[in-house]
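A.B. asks: A single structure is presented below for examination.
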Amino acid sequence: MTTPRLEIDLKKVRHNTKWLVDCLELKGVSVMGVTKVALGSPDVARSMINAGVGSIGDSRIENIQRMHEADVQAQFILIRSPIISKIDDVVAFANVSFNTELETLQLLSKASQAQGKMHQVVLMIELGDLREGILPENLGAIVSQTLDLPNIRLLGIGTNLACLWGVRPDTEKMTVLTGLAKNLELKFDLKLEMVSGGNSANLPWLFGSEDTGEINNLRLGESIFLGCETLNRDPIEGLHVDAVSLVAEVIESKVKPSVPTGDTGQNAFGSHPGFSDGGVINHSLLGIGRQDVLVSGLVADSDSIEILGSSSDHMVVASKNERLRIGDEVTFQVDYGALLTAMTSPFVEKVYLNKV
Ligand SMILES: *Cc1c(COP(=O)(O)O)cnc(C)c1O
């Protein structure tokens, strides 16, 4: 095996998914497994499906196409509003898409008619985090027009919080969503199959609620991969927090001073790092850098290894105990940003462990 590499333990992914599916099921809430951070990896999607998710969500139609072509059997949901120039692919590969614009819905209807398909939509509602969403006062009008569109079926409504401004999906917000769902059902005499309350940041609300109202779905990505909720990044007891790790390799190992010599200006990334004098240190270079991963999202497994800095292609670490040797591997735990970037870097090998 080469480095840098991401190791994704699919047994732990399955465990985390199943734990969440079982826990949410007790409250009448289904899980949509979100695969975008894994770029729609068919192995990851299959692990989630084996663990009982009701559907697979991804924000990129390319990822959904990848899973479709790998013959993954699931209901595929595009959880970002369609890009107009890719609308034919949306209808071809996704069963459902999330939407907020009437114009896009009309184009989806046209594309669905041309392809002889029925496309389902979930309308996303703005509840204060100011990313995607129809303003609640405009919802009735859009629903009414959506219901008239040929080859389009309204599957439900949803909201997304905590992504841009960290707005908490609390009881108050979820009660608003429940109220909107009830109003629509009454006004248009219909049953909304999906009322999707949010993402991994909704878990604290869910764990603490006796009554989840009309909300019957959550879309979970980070909690499945990293075993935490996402408001405080607290680990969830019962979940693995180490399903994913990143492995890099030592390419230089020397004893060097801890303080640079010479007059200093900006570094390669425009900042002016500070330093403190710790005498000479075990100074190692790893063959990984910012073109591979968001280095600020990494923590070494070993307490004795400290990240001192990074540039495009190098990471510098200090090893407090013994000197590392060339070829030694160093393992890191990743946060969401590190996982996202490492998954997306073509230089990082992806290794799936414990496939079934
Ligand atoms: C990414 C995403 C999710 C999943 O969020 P996690 O924090 O990874 O659980 C849910 N919904 C939407 C709309 C998303 O874009």
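The values are calculated or read from the model by the stated rules, or taken from the named source; none is laboratory data. A quick note: this is a predicted structure, and the numbers were derived from the prediction, not measured. Ideal geometry is used to build each Cβ from the backbone, glycine not excepted, and the neighbour counts take in all protein chains shown. Side chains are part of the model used for accessible areas, which takes the heavy atoms of the whole protein and leaves out ligands, DNA and RNA. Shrake-Rupley method; radii C 1.70, N 1.55, O 1.52, S 1.80 Å.
A.B. asks: List the number of the failed condition for Ser41; all other conditions in (1) under 22 Å from Asn99 (Cβ atoms); (2) under 17 Å from the mean Cα position of the chain (by Cα) hold.
C.D. replies: (1)
A.B. asks: Being more than 9 Å from the ligand (Cβ to nearest atom), over 16 Å from Ser30 (Cα atoms) and touching an Asp or Glu at 6+ places or on another chain (Cβ under 7 Å) is the filter here, so list the residues in the stretch 205-243 that pass it.
C.D. replies: Correct list: Cys228, Ile236, Ala243.
A.B. asks: Applying the selection to the stretch 213-254, what residues are outside any strand (DSSP E or B) and aliphatic (A, V, I, L, M)?
C.D. replies: Ile215, Ile224, Leu226, Leu231, Ile236, Leu239, Val241, Ala243
A.B. asks: Do the conditions hold for Leu127, that is, is it in contact with a helix residue (DSSP H, G or I) (Cβ under 9 Å, 6 or more places away or on another chain), assigned to a loop (DSSP other than H, G, I, E, B) and open to solvent by less than 10 Å² (accessible area, probe 1.4 Å)?
C.D. replies: no
A.B. asks: Any residue at all in the stretch 345-356 that is over 27 Å from the mean Cα position of the chain (by Cα) and of a type in the set (Ser, Thr, Tyr)?
C.D. replies: no
A.B. asks: Is it fair to say Val121 is surrounded by fewer than 19 Cβ atoms within 10 Å (Cβ to Cβ) and under 27 Å from the mean Cα position of the chain (by Cα)?
C.D. replies: no
A.B. asks: Cβ-Cβ below 8 Å, separation at least six or inter-chain, first residue in the stretch 219-231 and free of Cβ contacts under 8 Å to residues at least 60 places away in the same chain, second within 7 Å of the ligand (Cβ to nearest atom) and in a helix (DSSP H, G or I): which pairs?
C.D. replies: Cys228/Ser200; Cys228/Glu222; Glu229/Ser200; Glu229/Ala201; Glu229/Ser223
A.B. asks: How many residues are in a helix (DSSP H, G or I) and away from the ligand (no atom under 13 Å from the Cβ) when one looks only at the stretch 37-60?
C.D. replies: Count: 7.
A.B. asks: Need the failing condition index for Thr171 against (1) surrounded by 14 or more Cβ atoms within 10 Å (Cβ to Cβ); (2) within 14 Å of the ligand (Cβ to nearest atom), just the number.
C.D. replies: Result: Thr171 fails condition (2) only.
A.B. asks: A further question follows. Quick one: in the stretch 1-30, of everything that is in contact with a helix residue (DSSP H, G or I) (Cβ under 7 Å, 6 or more places away or on another chain) and in a loop (DSSP other than H, G, I, E, B), which residue is nearest to Gly221 (Cα to Cα)?
C.D. replies: Taking the candidates together, the pick is Val29.
A.B. asks: Determine whether the stretch 79-90 contains at least one residue that is closer than 19 Å to Val31 by Cα, modelled with pLDDT under 95, within 16 Å of the ligand (Cβ to nearest atom) and assigned to a loop (DSSP other than H, G, I, E, B). Break it down stepwise before answering.
C.D. replies: Narrowing the stretch 79-90 to residues closer than 19 Å to Val31 by Cα: 79-80.
Now restrict to residues that are modelled with pLDDT under 95: none.
Within the stretch 79-90, none of the residues are closer than 19 Å to Val31 by Cα, modelled with pLDDT under 95, within 16 Å of the ligand (Cβ to nearest atom) and assigned to a loop (DSSP other than H, G, I, E, B).
A.B. asks: Any residue that is surrounded by fewer than 22 Cβ atoms within 10 Å (Cβ to Cβ) and within 16 Å of the ligand (Cβ to nearest atom) - is there at least one of those in the stretch 136-149?
C.D. replies: Within the stretch 136-149, not a single residue is surrounded by fewer than 22 Cβ atoms within 10 Å (Cβ to Cβ) and within 16 Å of the ligand (Cβ to nearest atom).
A.B. asks: Right, something else. In the stretch 232-254, what residues are of a type in the set (S, T, N, Q) and closer than 22 Å to Asp328 by Cα?
C.D. replies: Once the filter is applied, which keeps residues that are of a type in the set (S, T, N, Q) and closer than 22 Å to Asp328 by Cα, the stretch 232-254 yields Ser245, Ser253.
A.B. asks: Also, I was wondering about something else. Of all the residues that make up the stretch 61-78, how many are in a loop (DSSP other than H, G, I, E, B) and surrounded by 18 or more Cβ atoms within 10 Å (Cβ to Cβ)?
C.D. replies: Count: 2.
A.B. asks: Next up: Under the condition of being surrounded by 15 or more Cβ atoms within 10 Å (Cβ to Cβ) and of a type in the set (Ser, Thr, Tyr), which residue from the stretch 303-330 is nearest to Leu6 (Cα to Cα)?
C.D. replies: So the residue we want is Ser310.
A.B. asks: Take Ser284 and decide whether it is open to solvent by less than 30 Å² (accessible area, probe 1.4 Å) and of a type outside the set (Lys, Arg). It would help to see each step written out before you state the result.
C.D. replies: On the way: open to solvent by less than 30 Å² (accessible area, probe 1.4 Å): yes; of a type outside the set (Lys, Arg): yes.
Criteria met by Ser284.
A.B. asks: From the set of residues in the stretch 152-167 that are open to solvent by 10 Å² or more (accessible area, probe 1.4 Å) and under 22 Å from the mean Cα position of the chain (by Cα), which is nearest to the ligand (Cβ to nearest atom)?
C.D. replies: Ranking the qualifying residues of the stretch 152-167, first place goes to Asn160.
A.B. asks: Of the residues Leu20, Leu6, Leu10, which single one is farther than 30 Å from Ile288 by Cα and either away from the ligand (no atom under 16 Å from the Cβ) or at pLDDT 95 or above (or both)?
C.D. replies: The match here is Leu20.
A.B. asks: Which count do you get for residues in the stretch 255-291 that are closer than 22 Å to Val330 by Cα, of a type in the set (A, V, I, L, M) and outside any strand (DSSP E or B)?
C.D. replies: 1
A.B. asks: Hey, another quick one. Which residue pairs have Cβ atoms closer than 8 Å, lie 6 or more positions apart in sequence or on different chains, and pair a first residue in the stretch 187-205 that is assigned to a loop (DSSP other than H, G, I, E, B) with a second residue that is more than 16 Å from the ligand (Cβ to nearest atom) and open to solvent by 40 Å² or more (accessible area, probe 1.4 Å)?
C.D. replies: Leu190/Leu147; Leu192/Glu214
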